[in-house]
Amino acid sequence: MFADGDAGAARILTDRLGPRCYSVSLRMLGNQAEAEDVTQDAMMRLWQMAPKWVPGTAKVSTWLYRVTLNLCLDRKRKKTPEQLPEEAEPPDNAASVVEKMQDTARHDALQVALAQLPDRQRQAVVLRHIEELSNPEIAGVMGLSVEAVESLTARGKRALSAILAGRREELGYDDGR
């Protein structure tokens, strides 16, 4: 069992939760290296607190999301103005060059738009619409009521729409979508 320090259980838990932790970190920070660092730190904290875990208090994934979001916020507060450029996404052999460029433009536009949202709205939007958590799960992660999560998500979506307004054609959404 993970709480007993079982390395096999730790590997399984890391395989299950690590990718989602990384995805949240990447969306919150917009930098692969920082997202990897946050993911590693969050998983280490999970390993360190495992012996003290009280079953039934909260889901491990909920606790890990909260820790991940807090680590991301800490990094954003400490961020220096000068950053190294983010590495390119790994190539997708199935997509054409034009599709890759379009996907990159869309990803970049979304990342820039997300970065303009207030932290709480960005957290709610990322967890709901990118990580596909339910509103009750997000409420548990963020320590809010479900109604507050719904409000943050709705305001965040409206703000994203306003930020991205007028860029549909540029981003390849001129086909009536």
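Please treat every number below as a calculation from the coordinates, not as lab data. Only a predicted model underlies this, so the values are computations on that prediction, with no experimental measurement involved. Backbone-built Cβ (ideal geometry, glycine too); neighbour counts: all protein chains shown.
Using the Cβ-Cβ distance between ASP37 and ARG11 with R0 = 25 Å, the FRET efficiency computed as 1/(1 + (r/R0)^6) comes to roughly 0.80. With a point put 7 Å past each Cα toward its Cβ, work out how far ALA109 is from GLU132 in nm, to one decimal. Modelled inter-label distance: 2.3 nm. For the peptides 7-16, 62-71, residues were scored by their other Cβ atoms within 10 Å and the scores averaged per peptide; the highest-first order is 62-71, 7-16.
Our coupling estimate for region 152-162, obtained by passing each phi through the Karplus curve with A = 6.51, B = -1.76, C = 1.60 and θ = phi - 60°, is 4, 5, 5, 5, x, 5, 4, 5, 4, 4, 5 Hz, Gly and Pro reported as x.
Modelled label positions at SER145 and MET49, each set 7 Å beyond Cα in the direction of Cβ, lie 2.6 nm from each other. Using the scaling law 2.2 N^0.38 Å as the reference, what is the normalised Cα Rg of region 97-153? Output field value: 1.33.
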